[in-house]
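Colleague: For reference, the structure I am asking about is given below.
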Amino acid sequence: MLKVAAGAMADANLPLRDERPQMGVIIGLEFDFEATNFHQRWNLSNSVKTWEKRHQLKLSENQEKSWLKSLKEESGPPLSHTRTLGA
């Protein structure tokens with residue numbers, strides 16, 4: 001972003017080192033909407049706890065972990081760095 005700002009200032013023929021208290025910059029960043037597909041997967045840990053309480057399920061820790069793992073696998077692949085590169 002600093003390079004972009006410096007480039008904009010150079011394009012406007014503004015020296016880089018002068019103080020400009022009335023000058024500002026707005027930087028916009030947009031979230032990749034494809035990442036929202038992973039929200040369900042991310043929230044499953046909370047959901048499993050809620051479902052256990054609501055339906056009074058008596059699951060052991062291993063059963064809960066196994067169920068959560070299965071639900072996550074069925075929800076789709078995890079978000080990884082290779083899925084976000086270039087987004």
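The values are calculated or read from the model by the stated rules, or taken from the named source; none is laboratory data. This is a predicted model, so every value here is computed, not measured. As a convention, Cβ positions derive from the backbone with ideal geometry for all residues, glycine included, and neighbour counts pool all protein chains shown. Note: accessible area is taken over every heavy atom of the protein model, side chains too, but ligands, DNA and RNA are not part of it. Shrake-Rupley method; radii C 1.70, N 1.55, O 1.52, S 1.80 Å.
Colleague: Which of the residues that make up the stretch 15-40 are aliphatic (A, V, I, L, M) and either under 30 Å from Leu71 (Cβ atoms) or in contact (Cβ under 8 Å) with a residue 12 or more places away in the chain (or both)? If you could, list the steps in order and put the result at the bottom.
Modeller: Within the stretch 15-40, the first condition is being aliphatic (A, V, I, L, M), and the residues that meet it are 16, 23, 25-27, 29, 35.
Matches in the stretch 15-40: Val25, Ile27, Ala35.
Colleague: Ok, one more. What are the pairs, 6+ residues apart or on separate chains, where a residue within the stretch 1-14 that is at pLDDT 90 or above has its Cβ under 7 Å from a residue that is part of a helix (DSSP H, G or I)?
Modeller: Pairs found: none.
Colleague: Could you please find all residues in the stretch 51-83 being among the polar types (S, T, N, Q) and open to solvent by less than 60 Å² (accessible area, probe 1.4 Å)? Steps first, answer last, please.
Modeller: Filtering the stretch 51-83 down to residues among the polar types (S, T, N, Q) leaves 56, 60, 62-63, 66, 70, 75, 80, 82.
The answer is Ser60, Ser70, Ser75, Ser80.
Colleague: Taking the stretch 26-49, which residues are open to solvent by 100 Å² or more (accessible area, probe 1.4 Å), at pLDDT 90 or above and β-branched (Val, Ile, Thr)?
Modeller: none
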